[in-house]
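Undergrad: Quick one: structure below, then a few questions.
The values are calculated or read from the model by the stated rules, or taken from the named source; none is laboratory data. As the structure is a computational prediction, the values presented were derived from the model and not from experiment. Cβ placement follows ideal geometry from the backbone for every residue including glycine, while neighbour counts extend to all protein chains displayed.
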């Protein structure tokens, strides 16, 4: 009995510590985020209200995204929660798309999650093709698309090098990924098969390290420079996913005549030559 009590106490202590660490991270995100520069206190109060509403009342929150859009936010949904904490959540990257996308442009959101980038591009007037393979997350994507009424084609699938089916994890929010031992099965489609001969103004790819597989599935469009700008996650997840750093991805892009850049604080794209891990990278055809 004593051992059980000690184990229970230890588990409770660890849970408290994890909560404290997570809270500190949220506060730091809110306080340092450029979008909250002149309204930090208001942003903190909004976060407290969201947490209290979810934990005490078990209710969801509608959060503002962009100038006139809304998304449903549930507790423990990281991508959605960030919209509560800052608008836009991915400040530099989303400002870059605001500079570039025009009404009628085609935008592809690969790994759309609950639709933050899908809704952002839709508000800018783009025609969006959103891909999300996780069934529970796809349902939330559909909900947010319906809420805003933008022109979006939603596809419950992953993007890859070839059209096929594969095992996929479930219930992991924004870190669901292809996994041979995954509990779910998903369709895999190629971007080339989706866009065919069309020209795409922009594509965001966030697939937990498998970005190179997505690009291998659109090499025809890349070779013809029919994807004008690509945003790619550039963190260490590729080591787990495909066993490499980001250099092979940089090499593939260079092979097709794409240069790497990153947005500054105002969303202006600045060329880079360093392909080491870091914030999201954008790729565009050489001028």
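Undergrad: Would you mind telling me which numbered condition in (1) closer than 30 Å to residue 270 by Cβ; (2) surrounded by fewer than 24 Cβ atoms within 10 Å (Cβ to Cβ); (3) modelled with pLDDT of 95 or more residue 126 fails?
TA: Here residue 126 meets the rest and fails (2).
Undergrad: Just give me the residues in segment 200-210 being in contact with a helix residue (DSSP H, G or I) (Cβ under 7 Å, 6 or more places away or on another chain) and more than 18 Å from residue 226 (Cα to Cα), in sequence order.
TA: Passing the criteria: 207, 208, 209, 210.
Undergrad: When you check residue 84 against the structure, is it in contact (Cβ under 8 Å) with a residue 12 or more places away in the chain, in a helix (DSSP H, G or I) and within 18 Å of the chain's Cα centre (by Cα), yes or no? Give the derivation first.
TA: Working: in contact (Cβ under 8 Å) with a residue 12 or more places away in the chain: yes; in a helix (DSSP H, G or I): yes; within 18 Å of the chain's Cα centre (by Cα): yes.
Yes; evaluated as a whole, the condition is true for this residue.
Per-residue answers, yes or no, for (1) assigned by TED's automatic domain parsing to the domain that holds residue 129; (2) within 29 Å of residue 198 (Cβ to Cβ); (3) in a helix (DSSP H, G or I); (4) modelled with pLDDT under 90:
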site	(1), (2), (3), (4)
14	no, no, yes, yes
22	no, no, yes, yes
35	no, no, yes, no
42	no, no, yes, no
63	no, no, no, no
97	yes, yes, yes, no
102	yes, yes, no, no
108	yes, yes, no, no
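Undergrad: Could you please let me know if residue 201 is touching a strand residue (DSSP E or B) at 6+ places or on another chain (Cβ under 9 Å) and without any contact (Cβ under 8 Å) to a residue 60 or more places away in the chain?
TA: Working: touching a strand residue (DSSP E or B) at 6+ places or on another chain (Cβ under 9 Å): yes; without any contact (Cβ under 8 Å) to a residue 60 or more places away in the chain: no.
Spelling it out, it is not the case that residue 201 is touching a strand residue (DSSP E or B) at 6+ places or on another chain (Cβ under 9 Å) and without any contact (Cβ under 8 Å) to a residue 60 or more places away in the chain.
Undergrad: Would you mention how many residues in segment 268-283 are touching a residue at least 12 places away in the same chain (Cβ under 8 Å), in a loop (DSSP other than H, G, I, E, B) and surrounded by fewer than 17 Cβ atoms within 10 Å (Cβ to Cβ)?
TA: Kept after step one, since they are touching a residue at least 12 places away in the same chain (Cβ under 8 Å), are these residues of segment 268-283: 268-269, 271-273, 275-283.
Remaining after also requiring in a loop (DSSP other than H, G, I, E, B): 268, 272-273, 275-280.
Filter once more, so that each one left must be surrounded by fewer than 17 Cβ atoms within 10 Å (Cβ to Cβ): 268, 272-273, 276-279.
Qualifying residue count for the region: 7.
Undergrad: Just one of 121, 146, 159 is within 20 Å of residue 64 (Cα to Cα), touching a strand residue (DSSP E or B) at 6+ places or on another chain (Cβ under 7 Å) and modelled with pLDDT of 95 or more; which is it? Please lay out each step first, then the result.
TA: Values: 146 fails: touching a strand residue (DSSP E or B) at 6+ places or on another chain (Cβ under 7 Å); 159 fails: within 20 Å of residue 64 (Cα to Cα).
It is 121.
Undergrad: Quick test for you: out of 241, 283, 221, 254, pick the one residue that is farther than 28 Å from residue 103 by Cα and in contact with a helix residue (DSSP H, G or I) (Cβ under 9 Å, 6 or more places away or on another chain).
TA: Values: 283 fails: farther than 28 Å from residue 103 by Cα; 221 fails: farther than 28 Å from residue 103 by Cα; 254 fails: in contact with a helix residue (DSSP H, G or I) (Cβ under 9 Å, 6 or more places away or on another chain).
So the residue among 241, 283, 221, 254 that is farther than 28 Å from residue 103 by Cα and in contact with a helix residue (DSSP H, G or I) (Cβ under 9 Å, 6 or more places away or on another chain) is 241.
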